[in-house]
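Notes to accompany the following structure.
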Amino acid sequence: MTTAPDLPDILSTEFAEDPYPAYRVMRERAPLIWHEATQSYIVSRYEDVERIFKDRDGQFTTDNYVWQIEPVHGRTILTLSGREHAVRRALVAPAFRGRDLQEKFLPVIEANARALIDRFRHAGSADLVADFATRFPVNVIADMLGLDKADHDRFHRWYTSVIAFLGNLAGDPEVAAAGERTRVEFAEYMIPIIRHRRDHLGDDLLSTLCAAEVEGVRMSDEDIKAFCSLLLAAGGETTDKALAGIFANLLAHPEQLQAVREDRSLIDRAFAETLRYSPPVHMIMRQSAVEVELSGGTVPPGATVTCLIGAANRDPARYREPDRFDIFRDDLTTTKAFSAAADHLAFALGRHFCVGALLARAEVEVGVSQLLDAMPDIRLADGFQPAEQGVFTRGPQALPVRFTPATP
């Protein structure tokens, strides 16, 4: 067992600027690290993270979410297990796949992408982060839930506060307090809307959640509020960073960008490879239920385990030339990249696989395609080099581009 002082620290400035060299050292020299500051065991190899996420033997739980997520969201499906988890997931999952997604929400996604792009398609320039990526998924979720998009700035502030809370590895008390305030503010906003919607059901997702029933179980107002909070934060932050990441990666590889422009079915490949190469979420925690042997040592029962997705997704034991972005690689299966059988780790795996993966896929397919149509000769602004920021979640903070504007 190696301790963190012998290796690059995940809380250091150096790590935040570029974690990938540190990930390489961890995988090679210390695949299991005890990290004193976060009181957790850090795991970096693909085989170990995959095993923890799939957890076929009940060796790992999501009990860590009680302290990591409940203070800001309340009790969500992430903290549940067994039948309780299965029933709650069955209540919410249908809205994010199949006919509901295609018939009810795909038009919402297309309209929101078009409305945002209309603001800059005649300008010849845009910042794909500020003008599109940070707004698009939150607007989609607000429309899906039947909420007022005029409250977008409030939604964005809330989910930014929640993500900061989840990534508060250093334990900053101000960040913690802001996250807990967000839970109160969001409840004060959502609970009256939920109660009103129960009496005035419509065709929106919030109405679906209010009416859903599985095995005699219905969601309480608190259940629905917690899920909406989770959806805004997880669905906003991750799709935001994925969209920016796809364009940053494709702009750095013009031949692959041209291939995607000519064949839009390759958008799925570009998304899957971005999830592997530069995932929006770089770490997810679990808790050990029993003593577990992993590469590099033993984890005692009841310990927090920090799974480094960003490291595992670039493990040379799993992928050839893992530090190369290549949408045509044959060791990443695009057809299952958005399912619980995915062979990247960005959506987790197993029973806690991301319930919104297909929604994210639909948003990315629509968003990327419409952006390419609006900006046929898209290029980075002169002299700009994209740079990722973040530790817990990570992506470009800005992506200024130029293009020949559409004729008004």
Every residue from the range 169-193 that is on the phi < 0 side of the Ramachandran plot, outside any helix (DSSP H, G or I) and open to solvent by 40 Å² or more (accessible area, probe 1.4 Å):
A170, D172
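Residue-by-condition table, conditions (1) touching a Ser or Thr at 6+ places or on another chain (Cβ under 8 Å); (2) surrounded by fewer than 20 Cβ atoms within 10 Å (Cβ to Cβ); (3) farther than 23 Å from G167 by Cβ:
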{"site": "A289", "(1), (2), (3)": "yes, yes, yes"}
{"site": "S295", "(1), (2), (3)": "no, yes, yes"}
{"site": "A312", "(1), (2), (3)": "yes, no, no"}
{"site": "R324", "(1), (2), (3)": "no, yes, yes"}
{"site": "L332", "(1), (2), (3)": "no, no, yes"}
{"site": "F338", "(1), (2), (3)": "no, no, yes"}
{"site": "H344", "(1), (2), (3)": "no, no, no"}
{"site": "A348", "(1), (2), (3)": "no, no, no"}
Tell me which residues, restricted to the range 10-53, are touching a helix residue (DSSP H, G or I) at 6+ places or on another chain (Cβ under 6 Å) and open to solvent by 60 Å² or more (accessible area, probe 1.4 Å).
R45
Among helices (runs of 4 or more DSSP H) entirely within the range 69-135, at least 2 residues that are at pLDDT 80 or above and either under 25 Å from A242 (Cβ atoms) or of a type in the set (V, I, T) (or both) occur in 70-73, 106-118
Test D373 against the stated conditions and say whether it is free of Cβ contacts under 8 Å to residues at least 24 places away in the same chain, over 25 Å from E28 (Cβ atoms), assigned to a helix (DSSP H, G or I) and not hydrophobic (A, V, I, L, M, F, W, C).
yes
Looking at the range 253-274, is at least one residue hydroxyl-bearing (S, T, Y) and free of Cβ contacts under 8 Å to residues at least 12 places away in the same chain?
yes
Given the criterion within 22 Å of D373 (Cβ to Cβ) and open to solvent by less than 20 Å² (accessible area, probe 1.4 Å), identify the matching residue among T239, T306.
T239
So, in the range 380-408, exactly how many residues are part of a strand (DSSP E or B) and open to solvent by 20 Å² or more (accessible area, probe 1.4 Å)?
5
So, P301, is that one closer than 22 Å to R27 by Cβ, free of Cβ contacts under 8 Å to residues at least 60 places away in the same chain and of a type outside the set (D, E) or not?
no
Give the residues of the range 15-32 that are assigned to a helix (DSSP H, G or I) and farther than 18 Å from A170 by Cβ, sorted by residue number.
Y20, P21, Y23, R24, V25, M26, R27, E28, R29
Among the residues of the range 33-66, what is the count of those that are assigned to a helix (DSSP H, G or I) and closer than 20 Å to F165 by Cα?
2
For the range 136-150, which positions are loosely packed, with under 14 Cβ neighbours inside 10 Å and assigned to a helix (DSSP H, G or I)?
A150
Taking the range 199-236 on its own, how many of its residues are in a helix (DSSP H, G or I) and either touching an Asp or Glu at 6+ places or on another chain (Cβ under 8 Å) or open to solvent by less than 40 Å² (accessible area, probe 1.4 Å) (or both)?
20
Do any residues in the range 306-326 that are touching a residue at least 60 places away in the same chain (Cβ under 8 Å) and farther than 17 Å from V281 by Cα have Cβ atoms under 8 Å from those of residues that are surrounded by fewer than 21 Cβ atoms within 10 Å (Cβ to Cβ) and among the hydrophobic types (A, V, I, L, M, F, W, C), where the two are at least six apart or on different chains, and which pairs are they?
F325/A252
Within the range 257-278, track down each residue that is in a helix (DSSP H, G or I) and open to solvent by 10 Å² or more (accessible area, probe 1.4 Å).
L257, Q258, A259, R261, E262, R264, S265, L266, D268, R269, Y277
Flag for A398 being under 17 Å from E273 (Cβ atoms) and either over 25 Å from the mean Cα position of the chain (by Cα) or of a type in the set (A, V, I, L, M) (or both)
no
Would you call A360 aliphatic (A, V, I, L, M) and crowded, with 23+ Cβ neighbours inside 10 Å?
yes
Of all residues in the range 138-184, count the ones that are charged (D, E, K, R) and closer than 28 Å to G367 by Cβ.
7
So which residues in the range 376-408 are among the small types (G, A, S) and in contact (Cβ under 8 Å) with a residue 12 or more places away in the chain, if there are any at all?
A381, G390, G395, A398, A406
Name the pairs: first residue in the range 332-359 and among the β-branched types (V, I, T), second residue modelled with pLDDT of 80 or more and open to solvent by 40 Å² or more (accessible area, probe 1.4 Å), Cβ to Cβ under 6 Å, at least 6 apart or on different chains?
T334/R269
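The values are calculated or read from the model by the stated rules, or taken from the named source; none is laboratory data. This one's a predicted model, so the numbers in the text were calculated from it and none came from an experiment. Counting neighbours? That spans all protein chains shown, and the Cβs are built from the backbone with ideal geometry, glycine included. Side chains included, ligands, DNA and RNA excluded: accessible areas come from the protein's heavy atoms. Shrake-Rupley method; radii C 1.70, N 1.55, O 1.52, S 1.80 Å.
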